[in-house]
1. Any chance you could run the full-extension gain for Val243 through Glu511? It's 0.36 nm times the residue separation minus the Cα-Cα distance, nm to one decimal.
2. Could you check the spin-label model distance between Lys521 and Lys132? Points 7 Å from the Cα along Cα→Cβ, value in nm.
3. Give me the lysines in straight-line cross-link reach of Lys213: C-alpha distance below 21 Å, same-chain residues under 8 apart excluded.
4. Which FRET efficiency, nearest 0.05, do Ser420 and Glu318 yield, Cβ-Cβ r, R0 51 Å?
5. Work out how much length Thr560 to Glu597 would gain on full extension: take 0.36 nm times their residue separation and subtract the Cα-Cα distance, in nm to one decimal.
6. Can you give the extra length, in nm with one decimal, that the chain gains between His2 and Asp209 once fully stretched, where that is 0.36 nm per residue apart less the Cα-Cα distance?
7. What's the center-to-center distance, using Cα atoms, between segment 561-620 and segment 333-373 in Å?
8. Under 8 Å for C-alpha pairs, at least 6 residues apart: give me the relative contact order for segment 345-491, rounded to a whole percent.
Amino acid sequence: MHFLDELNERQREAVEYIHGPLMVVAGAGSGKTKVLTARIAYLMERGVDPFHILALTFTNKAANEMKARIERMLGSTEARNLYIGTFHSVFARLLRADAHRLGYPPNFTIYDTEDSKNVLKKIISELQLDDKHYRPGMVHHRISNAKNSLIGWEEYQQFPEFMQQDAQAGRPMIGKIFEWYAKRCFQNGAMDFDDLLYQMYVLLTRFPDVLHKYQHKFQYILIDEYQDTNPAQYAIIKLLGAVHENICVVGDDAQSIYSFRGATIQNILQFEKDYEDVKVVKLEQNYRSTRNILSVANEVIAYNKHQLPKVLWTQNDEGEKIKLISLLSEHEEARFVADTIAEQKYRNHYANKDFAVLYRTNAQSRSFEEHLRRLNIPYKIYAGISFYQRKEIKDFLAYLRVIVNPKDEESLLRIINYPSRGIGDQTLQKCQLLAREQGISVWEVFENIRKYPLRSAAINQIEDFVVMIKNLQLLLDKENAYTVAMEAGKASGVVKELYNDKSVEGIARYENVQELLNAIKEFTEMPDSEGELTDKSLGSYLQQITLLTDADEEKEESDTVKLMTIHAAKGLEFPCVFVVGLEEGLFPSAMSINTREELEEERRLFYVAITRAKEKLWLTYTANRYRYGNFVQNDPSRFISELPPAYIETPYRRNDAVPYSKHYAQEKMPVTSAGSFSLPKRQPAPAVHTPSPDFKPDDFRLMKPGMKVEHQKFGYGYILSIDGNAANPIATIRFELSGEKKIMLNYARLRIVQDNAADSQ
């Protein structure tokens, strides 16, 4: 097994331990993908049937890369028989075989986030609720979190804490919206992304024979990026691995940064408690970064209390010190970054693609774009609209989805009058109402349209549409995805409609649809990559593209500077990295510093940003920045005070640098012999309030100016004033520990202090 010779001692230990539970704590840049692929190849070389190996990743790109590596290692195509894919793609594949047990059709539609929000928007309207108060995005997030915690709509409505939280937030109808949404998806023969996990868990727990089948099929389970798993993924893995317990998880708790998606760091922190005789292997040798960069990363992450201890080290060169740059404004910051990129390209012969600018929020990209354009430096933003979310692509795919599953109401209503057939909104609303009254799908109403009192012109058009779809359905079992798609494009008139639009935008839309058809053609001609599946059908194609992640859509590498959020940069590496906007309230985010858990995730995000750099790293912050339309003064990020001075260089002279603002105002910054200033010492933590033993939040509607209240974090304070409307009152409160704050009362969870009666006398 020649591939073992390429591994270091710790990597080889992880690969060769194949019986029993194993946790590989893989630090940034330590070669975890190499370990995963070598471990799978090792299992196969030891005689394990690839059909018995399940490997779960978070992107299809990672899965495909692993399969390709294994094929090269073994010199055979046996890797195609492995079950390697994302959680969602593998579970969608398994659900196709048994979805009928749950009442879903085998060709169920998979709704993406936009589809889900559109369904929710209609339900909110049908319930006559205000969509500004019940925002579809917010409601979707609430439902998603529930399902990722394995809570269905019935459990949600029976759980007092959820209902109480919704009532306190002034949104008591979320439980009812959840119920309607779940029933609507079921009626449409559709699952959303979260259902692919939730329904998989339901399938395994409700049908013991299905669980038994997969427990014995998947004798070896490997999970990449385990720190990013959520409760549903954790529970499913526990079930599948319960018989053999040959579970190998690979991850890095220091890179757990997706709690907003439902991920929980506890899954990796508690893995050792979940299984007896767990073997733990730590991969601490880094192959990516210089020693100085790693030293800074190690020091920063050491401030986190909740972690698996490890220290990254490398045999790479010491490298340059990290540059810490203080600037006046965001425009000065962007100019500095653009000028530095131009200078580094000229002096050190770097290419554009060697640079990445990482920021906390997408909104920060604008000023960098402006200054890069001024210097004619090409760049790419990793936040643009996805190819598959473009309107013309969504329209065309909606036709294909209806051909496969005509009960998919969301897609059906999107295309019934595109291109225009003279079917008005009133007619469609009547059809939807008829469907609701009779408990059938809109498609079934369309199939029997002559039964209903509608305009004859609309009836004729709907009949023609139904005939067209049924004719295209006849091709499904005979032809591959490309042939059906081409026929759909012709029969529907979509391609002709786009071709006839000769505007610049129209030509671009037509070209995008042609690119989609090219992609479908490529899919049908690709060698099979999933062993058992030789399915080039339209249904198979739709499942594949619906489950693409942003990373999977990336095209070949282009010579451009990359602008992206730190979340988007995870898993990537660049010779030169700028981490910008290191200011309190921005990074760490003001929304993520209310608890230790939130703050530690922000620090892990900073750690991820640092460890993207291979050779050079710049950290920047500004004294002033426009935030929400206001020009505000900034305090330097608390993370700056955690940087180890020995590895930091502040190249501006003191007179050029912006002094640390009020957060550090009382501290004089010593000037070094080189004329630069040293890092300030970390300030003592502010006093922390310990909530009263009997703390229980009161109804915000009982609160009035002058009252004394208690907040779990901010402590005791007095309500100075209450503004806003009755549903969303905003209180100005002066707290004893943290000063004056404006707080939305229906979110604040305040306790009215009982001595108010005495105070008012």
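The values are calculated or read from the model by the stated rules, or taken from the named source; none is laboratory data. Fair warning: this is a prediction, and the values are worked out from it, not measured in the lab. Neighbour counts run over all protein chains shown; Cβ positions are idealised from the backbone, glycine included. These accessible areas exclude ligands, DNA and RNA; they are computed on the full protein's heavy atoms, side chains included. Shrake-Rupley method; radii C 1.70, N 1.55, O 1.52, S 1.80 Å.
1. Values: separation 268, 0.36 × 268 = 96.48 nm, distance 5.15 nm.
Stretched fully, the Val243-Glu511 segment lengthens by 91.3 nm.
2. So the label points at Lys521 and Lys132 sit 4.9 nm apart.
3. Counting by Cα, and skipping residues close in sequence, Lys213 has these lysines nearby: Lys238.
4. Working: r = 67 Å, r/R0 = 1.32.
My answer for the efficiency is 0.15.
5. Details: separation 37, 0.36 × 37 = 13.32 nm, distance 3.60 nm.
Stretched out fully, the Thr560 to Glu597 stretch lengthens by 9.7 nm.
6. Numbers: separation 207, 0.36 × 207 = 74.52 nm, distance 4.07 nm.
Result: 70.4 nm gained on full extension.
7. Rounded to whole Å, the Cα centres lie 16 Å apart.
8. Numbers: 89 pairs, mean separation 25.9, N = 147.
Relative contact order comes out at 18 percent.
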